[in-house]
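J.: Following this message is one structure expressed as structure tokens.
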Amino acid sequence: MLASHSLDLTSTLVQTEGMFAAELGREIAMLNIARGRYYVLNVTAHAVWRRLEKPARVSDICESLRRDFEVDCATCYKETVAVLSELLGEGLVRVIECGS
Amino acid sequence: MRKCRSPVGEPDVWIIVEVCETSPSENRYGPSESGAFEISVAGLGRYLIRAGREIRLTRPEDASDDELRAWLLGPALATLLHQRGALPLHASAVVVDRKCVAFVGPCGAGKSTICAFLAQRGYAVASDDVLAISRGPSGMPQAGAGSSSVRLMADSLAALGANHGEHYGRGLLGEKRVLHMQPGPVRLMALQSIYALEDSSDCGHGEVVKVSSADALKIILDNISRPEFANELGCFECTFALAATVASQVTVYRLLRPRTLSDMATLLDLLETHWFRAKARRPRRAFRER
């Protein structure tokens with residue numbers, strides 16, 4: 001399932017409820033019992049995922065990531081949006097629409 | 001019903017056997033009216049597993065002891081371990097330098113055969129079929145020694161020079177015979193490594209390949225004993241978390257080897273060499289941390 005949302009710096013996202021997460025070294029394994037599927041998030045995706053426990057804007061996520069990792073602004077934005085699009089596609093995060 | 005006093009103190013698990021007139025007419029598993037988890041095997045017996053501490057078996061007098069034992073040490077034990085929050089791995093294992101080395105793979109992959117050949121070289125068999133894995137006091141995965149009897153096909157027995165394997169089975173045992181090995185130590189051991197057996201015709205005499213944590217998790221999840229019971233018991237999240245711990249703390253390898261019994265000595269040499277050469281590798285990082 002592909003996400004229909006087009007993400008930009010102002011998009012706000014949050015983790016989807018009902019996921020079970022287990023540490024897998026520096027990665028993280030996510031179990032979605034309802035779907036009968038599991039996922040392994042690599043270090044980059046894990047870093048993004050951790051920042052979505054509460055609703056966060058893409059710009060805030062990028063700013064937080066750049067505090068912890070040596071990455072330039074353009075690369076960070078590009079990688080973050082790519083990760084978020086994948087997480088959206090798998091239903092691991094959801095977009096919070098304005099006003100909701 | 002007969003109760004035996006344990007030689008090492010209060011038993012960890014009670015196994016209570018009761019004789020009845022008839023066996024179940026159909027297979028069934030799931031929660032019973034009494035709150036225990038029930039496994040009924042048509043024509044054999046009924047197991048009630050309760051609270052990770054008790055297995056109550058009801059059987060007719062003439063039911064096959066070996067078949068009953070296979071269900072007890074297989075699905076019934078796996079259920080009990082799920083109830084305890086432990087991970088029942090469908091594996092055969094040996095003891096190497098006081099640590100546990102496990103072999104996983106589908107039925108007929110050769111797990112028991114490799115362990116039986118290793119036993120001939122002096123390694124104690126830690127378990128066959130179900131290996132109990134739990135978290136130790138430090139959080140590291142540990143394995144509990146289980147049954148030291150291995151189940152082998154006739155060609156494996158012949159290659160071992162042990163044609164005296166007991167029982168010509170059916171049902172869960174299939175065509176396998178049971179070979180009773182020298183029991184290993186009755187204790188918990190650190191889980192050193194896991195080898196996933198894979199057939200390969202283009203790997204020479206054999207090849208050992210370390211896998212990533214993500215692939216290790218898949219291998220472990222694919223080899224959980226009776227995962228459907230964990231779902232029925234509502235404890236699959238716990239099982240999943242422990243599987244992730246094992247995948248991140250224990251080194252998991254693919255063991256590629258030609259599917260033949262004639263070159264087993266070379267394969268065992270490869271394994272023994274690998275056990276003394278394996279080194280941890282540093283993880284790769286996507287971003288460089290400050």
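The values are calculated or read from the model by the stated rules, or taken from the named source; none is laboratory data. Just so you know, these numbers come straight off a predicted model, no measurement behind them. Neighbour counts run over all protein chains shown; Cβ positions are idealised from the backbone, glycine included.
J.: Find the residue count for segment A:10-35, including only residues that are of a type in the set (Asp, Glu) and either surrounded by 16 or more Cβ atoms within 10 Å (Cβ to Cβ) or within 11 Å of chain B (Cβ to nearest Cβ) (or both).
T.: Within segment A:10-35, residues that are of a type in the set (Asp, Glu) and either surrounded by 16 or more Cβ atoms within 10 Å (Cβ to Cβ) or within 11 Å of chain B (Cβ to nearest Cβ) (or both) number 2.
J.: In segment B:85-108, which residue that is among the β-branched types (Val, Ile, Thr) and at pLDDT below 95 is surrounded by the fewest Cβ atoms within 10 Å (Cβ to Cβ)?
T.: Going through the qualifying residues, I end up with B:VAL96.
J.: Also: Please state which of the following conditions B:TYR123 fails to meet, knowing it meets all the rest: (1) closer than 19 Å to B:LEU188 by Cα; (2) in contact (Cβ under 8 Å) with a residue 40 or more places away in the chain.
T.: (2)
J.: Which residue is surrounded by the most Cβ atoms within 10 Å (Cβ to Cβ), if the candidates are limited to segment B:30-75 and must be under 16 Å from B:GLU232 (Cβ atoms) and among the hydroxyl-bearing types (Ser, Thr, Tyr)?
T.: It comes out as B:TYR47.
J.: Any residue in segment A:43-59 that is in contact with a Phe, Trp or Tyr (Cβ under 8 Å, 6 or more places away or on another chain), in contact (Cβ under 8 Å) with a residue 24 or more places away in the chain and within 11 Å of chain B (Cβ to nearest Cβ)? Spell out how you get there, then give the answer.
T.: Start the filter on segment A:43-59 by keeping residues that are in contact with a Phe, Trp or Tyr (Cβ under 8 Å, 6 or more places away or on another chain), which leaves A:43-44, A:47, A:58.
Keeping just the survivors that are in contact (Cβ under 8 Å) with a residue 24 or more places away in the chain gives A:44, A:58.
Then drop every residue that is not within 11 Å of chain B (Cβ to nearest Cβ), which leaves A:44.
Within segment A:43-59, one or more residues are in contact with a Phe, Trp or Tyr (Cβ under 8 Å, 6 or more places away or on another chain), in contact (Cβ under 8 Å) with a residue 24 or more places away in the chain and within 11 Å of chain B (Cβ to nearest Cβ).
J.: B:PHE103: touching a residue at least 60 places away in the same chain (Cβ under 8 Å) and assigned to a strand (DSSP E or B), yes or no?
T.: Spelling it out, B:PHE103 is indeed touching a residue at least 60 places away in the same chain (Cβ under 8 Å) and assigned to a strand (DSSP E or B).
J.: Just to check your reading of the model, which residue among A:LEU88, A:LEU7 is in a loop (DSSP other than H, G, I, E, B), away from chain B (no Cβ under 11 Å) and in contact (Cβ under 8 Å) with a residue 24 or more places away in the chain?
T.: After applying the criteria, what remains is A:LEU7.
J.: Which of the residues belonging to segment B:75-100 are part of a loop (DSSP other than H, G, I, E, B) and within 13 Å of the chain's Cα centre (by Cα)? Explain how you work it out, then say what you get.
T.: Of the residues in segment B:75-100, the ones part of a loop (DSSP other than H, G, I, E, B) are B:85-86, B:97-98.
Listed by number, the list holds a single entry, B:ALA86.
J.: A further question on this structure: Give me the residue from segment B:269-285 that is more than 20 Å from the chain's Cα centre (by Cα) and modelled with pLDDT of 80 or more and, out of that set, surrounded by the fewest Cβ atoms within 10 Å (Cβ to Cβ).
T.: Taking the candidates together, the pick is B:THR273.
J.: Taking segment B:5-25 as the search range and keeping residues that are at pLDDT below 95 and among the acidic types (Asp, Glu), which one is nearest to B:ALA63 (Cα to Cα)?
T.: Per the stated criteria, the residue is B:GLU21.
J.: Just to be sure before I move on: is A:TYR38 crowded, with 19+ Cβ neighbours inside 10 Å and assigned to a helix (DSSP H, G or I) in the structure I sent?
T.: Values: crowded, with 19+ Cβ neighbours inside 10 Å: yes; assigned to a helix (DSSP H, G or I): no.
Answer is no for this residue.
J.: Count, please, the residues in segment A:49-68 that happen to be crowded, with 19+ Cβ neighbours inside 10 Å and touching a Cys at 6+ places or on another chain (Cβ under 8 Å).
T.: Number satisfying all stated conditions: 2.
J.: Follow-up question, since we're still on this one. How do the pairs read when you match residues in segment B:223-235 that are at positive phi with residues anywhere that are part of a helix (DSSP H, G or I), using Cβ under 7 Å and keeping only pairs 6 or more apart or on different chains?
T.: Cβ pairs passing all conditions: B:ARG226/B:PRO75; B:ARG226/B:ALA78; B:ARG226/B:THR79.
J.: Sticking with this structure for a sec: Restricting attention to segment B:109-144, which residues are surrounded by fewer than 20 Cβ atoms within 10 Å (Cβ to Cβ) and closer than 18 Å to B:GLY206 by Cβ?
T.: Within segment B:109-144, B:ALA109, B:GLN120, B:ARG121 meet the criteria.
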